[in-house]
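Engineer: Okay, handing you the structure first.
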Amino acid sequence: MALHFTEQEFLSRKLKVINSMKEQNINALLMFKQESMYWLTGYDSFGFVFFQSLILNEDGEIILLTRAPDLRQAENTSNIKNIIIWEDKENSSPSDLLKKILLDLKLKGKNIGVEYDSYGLTGRNTIKLNDSLKKFANLKDKSELVSHLRVIKSDQEIVYIKKAAKLADDALESAWKTVKAGADEGKILAEMQRVIFAGGGDYPGNEFVIGSGHNALLCRYQSEKRILSDVDQLTIEWAGTYRHYHSALMRTIPIGKADQKHYKMHDACVDALSNCEKKLIPGNKVGEVFDAHAKIFDSHGYKKARMNACGYSLGATFAPTWMDVPPMIFTGNPLIIRPGMIFFMHMILMDSENQLAMNLGETYLVTKKGNERLGKQKLDLTIL
């Protein structure tokens, strides 16, 4: 399998991590986030559900500690040369083997950064890791060291994200052709996912969200699949995914006819999204984008129906979520917006009193002068 990026790009990424390590007085970094491993080496696997760590020292040496099923996975998908396997057996201790690797790297007594905030490092394995290394080295929580570098996308990453955006648009087009009274939610999902796979896309970091009737007010996937009624409402949230890079969209579609409140809610969503676009520019703080969202919704009387965040960063992510956070768009977030950032901005209104939903979400690339909406589909209220 060919690497998805050039050797020069991977080298550039490694040098950025090493420079950041030096700035933070770190002699080595233990990565447990699959996103970090993929970004730094190309290593593509869901083996992070078991103990595995990518070690990078200040000299640039990279070692992967993983299980036997991921040996060839790493050989075929990454540029990693040194792969060490821990053995599956009773009372196996991969954290002790990791300690031996660090000892061989002459890291005893040194400052070692750890990606503690990781789906790949469970609470139990964290305890074992700390027990193995607490007297060996000075452990520092560096969960966001690589994440802060990943948030600014390279030109090649943007190519992949724009491909993902095209796939998301294609999926919406297929939904418009499939959604109607009497349609099965499962078949709608199947058609949207089919289009993405047929276009060369990948599995997303989490399930597509779909819900009709009362379930249209849900922001998460759940297993009930309804048949759409003659008069109904359908909320869908999905992402086009290419090389694990995501571009998300969100819509609520009235079926048969729209309630008059649907029209007003949609107008507020369009207004709020437009207001957020004006704030999503280089130099502003991420929190200012949320405040623009809240200002519009609150002025329309929807404070109780809106969320306390209106979006998040997107990039190359793995299960269980396509949300590439931090950063998330909420009030007070001090992160400065910079060119190359990717944000999914979702305008969500869930009116529990009237059992009505209206949602509008789009993915944006921050440019030098402003931003670019990556989805090219219309924002109009579509009634099917």
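Engineer: Cut-off 10 angstrom, C-alpha nodes, Gaussian network model of the chain. Which of Glu237, Glu87, Glu191 fluctuates the most?
Structural biologist: Looking only at Glu237, Glu87, Glu191, the largest GNM fluctuation is found for Glu87.
Engineer: Right, next: Please order Arg150, Arg373, Arg220 by the number of other Cβ within 10 Å, starting at the fewest.
Structural biologist: Arg220, Arg373, Arg150
Engineer: Give the residue list of GluC sites (Glu not before Pro) in the range 312-384 that are DSSP loop and have at most 15 other beta-carbon atoms within 10 angstrom.
Structural biologist: Glu353
Engineer: So which trypsin sites (Lys or Arg not before Pro) in the range 286-354 pass both tests, a DSSP loop state and at most 14 other Cβ atoms within 10 Å of the Cβ?
Structural biologist: Sparse-neighbourhood loop trypsin sites (Lys or Arg not before Pro): Lys303, Lys304.
Engineer: Calculate the spin-label point distance for His214 paired with Lys368, positioning each point 7 Å from the Cα along the beta-carbon direction, and give it in nanometres.
Structural biologist: 5.4
Engineer: Among the aspartates and glutamates, select those whose C-alpha is under 14 Å from the C-alpha of Lys285, and discard any that sit fewer than 8 residues away in the same chain.
Structural biologist: Glu277
Engineer: Mind giving me the FRET efficiency for Asn138 and Phe46? R0 is 41 Å, r the Cβ-Cβ distance, nearest 0.05 is fine.
Structural biologist: For R0 = 41 Å, the calculated efficiency reads 0.85.
Engineer: Looking at this model, which pairs from Lys108/Lys142; Lys140/Lys162; Lys81/Lys110; Lys100/Lys140 are more than 29 angstrom apart at the alpha-carbon?
Structural biologist: Lys140/Lys162
Engineer: Still on this model: Using r as the Cβ-Cβ distance of Lys177 and Leu11, and R0 as 56 Å, what FRET efficiency do you calculate, to the nearest 0.05?
Structural biologist: 0.80
Engineer: For a 26 Å ceiling on Cα separation, which of these pairs sit above it: Lys33/Lys106; Lys180/Lys303; Lys177/Lys257; Lys153/Lys295?
Structural biologist: Over 26 Å apart, Cα to Cα: Lys180/Lys303; Lys153/Lys295.
Engineer: Then there's this: For Cα pairs less than 8 Å apart in space and 6+ apart in sequence, what is the mean separation divided by the residue count of the chain, i.e. the relative contact order in percent?
Structural biologist: 14
Engineer: Just the Cα atoms of the range 7-150: what Rg and Dmax do they give in Å?
Structural biologist: Just the Cα atoms of the range 7-150 yield Rg and Dmax of 13.9, 42 Å.
Engineer: Could I ask something else about it? The list (1) 129; (2) 212; (3) 145 gives values of volume of the Cα convex hull per residue in Å³, and only one came from this structure; which label was calculated from it?
Structural biologist: Step by step, volume of the Cα convex hull per residue in Å³ for this structure corresponds to label (3).
Engineer: Here's a follow-up. Taking the Cβ of Ile26 as the center, what net charge do the other residues with Cβ under 10 Å away carry, scoring Lys and Arg +1 and Asp and Glu -1?
Structural biologist: That works out to +2.
Engineer: Within a Cβ distance under 12 Å of Ile236, other residues only, what is the Lys/Arg minus Asp/Glu net charge?
Structural biologist: Around Ile236, the charge tally is -3.
Engineer: Under a point-charge model restricted to the Cβ atoms of Lys and Arg (+1) and Asp and Glu (-1), what is the dipole moment magnitude of the range 7-150 relative to its Cα centre, in debye to the nearest 20?
Structural biologist: Here the size comes out at about 440 debye.
Engineer: Additional query: Quick one: dipole size for the chain, taken about the Cα centre, charges +1 on Lys/Arg Cβ and -1 on Asp/Glu Cβ, in debye to the nearest 20.
Structural biologist: 720
Only the coordinates and a few stated rules stand behind these numbers; no lab work does. From a predicted model like this one, the values you see are computed outputs, not experimental measurements. Ideal geometry is used to build each Cβ from the backbone, glycine not excepted, and the neighbour counts take in all protein chains shown.
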